[in-house]
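In what follows, a single structure is set out as structure tokens and then discussed.
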Amino acid sequence: MKKQKSAGASPRRNRYYAGAKMSEHKFLRLLHGYAHGTPLQALEPTTHVSGKTIRATYGRLRAHLPIATRRERARFAHAGVYLFGDMGITPEGRLIIASIERTRRFDRYIKRHAPRLSSCEGEQLFLLEKAVRIFCALDLRGLDVEERLLATIGDAFTALHPRESLQKLADLIPGAKPHEHPELRLYEDYRRYLLKFPLGTQ
């Protein structure tokens, strides 16, 4: 009986990241840190995961986020609906990204999370991540998806003071409401998505 039991298929160690050496619990700690924008220096001593592994995991999550938003458009505050079309980023999505790129707030974000960033591709991933975070901070239910709305979101982000929370954007967008827990929203949507499409399987 023991031999039969051991011969059976063992459950996957990490349901969210196929082939990962870290446990599911540790991965979720890193996903939580990523969703909350926790710098790796702050996360390393509390998770007992090396800074190198945290950096690589953050990078993998950031690189996969645009795929996740396009694949599951109902998640991430419908960011995939606003930002992507069949041919990639929509013209309206590019307006939002351009608005993010020229702000002092985004400069500070890059200096905090990727001070040695040198590639245009890497910067594009940070811009898309920031755009998803913006949508997660807003409740846009009842508002029509149109160019004017997306332009208003871009203008609001440009006008937002660097030290103000993203929820303050709702004050600058007619009809929008702030989402109470945007970081938790990003964490939970990404976690549920990865249960269906684990990292390492695409």
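The values are calculated or read from the model by the stated rules, or taken from the named source; none is laboratory data. The model shown is predicted, which means the values in this text are computed figures rather than measured ones. All Cβ positions, glycine included, derive from the backbone under ideal geometry; neighbour counts span all protein chains shown. Just the protein is used for accessible areas: all its heavy atoms, side chains included, with ligands, DNA and RNA removed. Shrake-Rupley method; radii C 1.70, N 1.55, O 1.52, S 1.80 Å.
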Practice item. Name the one entry in His36, His113, His25 that is within 15 Å of the chain's Cα centre (by Cα) and over 22 Å from Pro178 (Cα atoms). Key: His113
Review point. How many residues are farther than 19 Å from Tyr109 by Cα and in contact (Cβ under 8 Å) with a residue 40 or more places away in the chain if we restrict to segment 21-62?
Key: 1
Study note, to complete from the structure: Considering segment 68-84, residues that are in a helix (DSSP H, G or I) and among the small types (Gly, Ala, Ser), and then whichever is surrounded by the most Cβ atoms within 10 Å (Cβ to Cβ), we arrive at Ala79
Practice item. Could you please let me know if Glu188 is under 20 Å from Ala35 (Cβ atoms), open to solvent by less than 70 Å² (accessible area, probe 1.4 Å), part of a helix (DSSP H, G or I) and among the charged types (D, E, K, R)? Key: yes
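Among the listed residues Arg94, Arg60, Arg105, which satisfies the condition of being open to solvent by 50 Å² or more (accessible area, probe 1.4 Å), assigned to a helix (DSSP H, G or I), charged (D, E, K, R) and under 23 Å from Pro162 (Cα atoms)? Lay out the reasoning, then the answer.
Details: Arg60 fails: under 23 Å from Pro162 (Cα atoms); Arg105 fails: open to solvent by 50 Å² or more (accessible area, probe 1.4 Å).
Step by step, each of Arg94, Arg60, Arg105 is checked, and only Arg94 is open to solvent by 50 Å² or more (accessible area, probe 1.4 Å), assigned to a helix (DSSP H, G or I), charged (D, E, K, R) and under 23 Å from Pro162 (Cα atoms).
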Point to revise | Index of the failed condition, Leu65 passing every other in (1) buried (at least 16 other Cβ atoms within 10 Å of the Cβ); (2) free of Cβ contacts under 8 Å to residues at least 40 places away in the same chain | key: (2)
Practice item. Starting from segment 141-160, keep only residues that are under 14 Å from Gly175 (Cβ atoms), then list their pairs with residues that are part of a helix (DSSP H, G or I) and charged (D, E, K, R) whose Cβ atoms are within a distance under 9 Å, requiring at least 6 positions of separation or different chains. Key: Val145/Glu92; Glu146/Glu92; Leu149/Glu92; Leu150/Glu92; Ala156/Lys168; Ala156/Asp171
Revision key, fill the gap. Of (1) more than 15 Å from Arg94 (Cα to Cα); (2) among the hydrophobic types (A, V, I, L, M, F, W, C); (3) touching a Leu at 6+ places or on another chain (Cβ under 7 Å); (4) open to solvent by less than 60 Å² (accessible area, probe 1.4 Å), Leu149 satisfies every one except (1)
Check your understanding: Listed residues Ala170, Ala131; which is over 19 Å from Ala35 (Cα atoms), in a helix (DSSP H, G or I) and open to solvent by less than 70 Å² (accessible area, probe 1.4 Å)?
Key -> Ala170
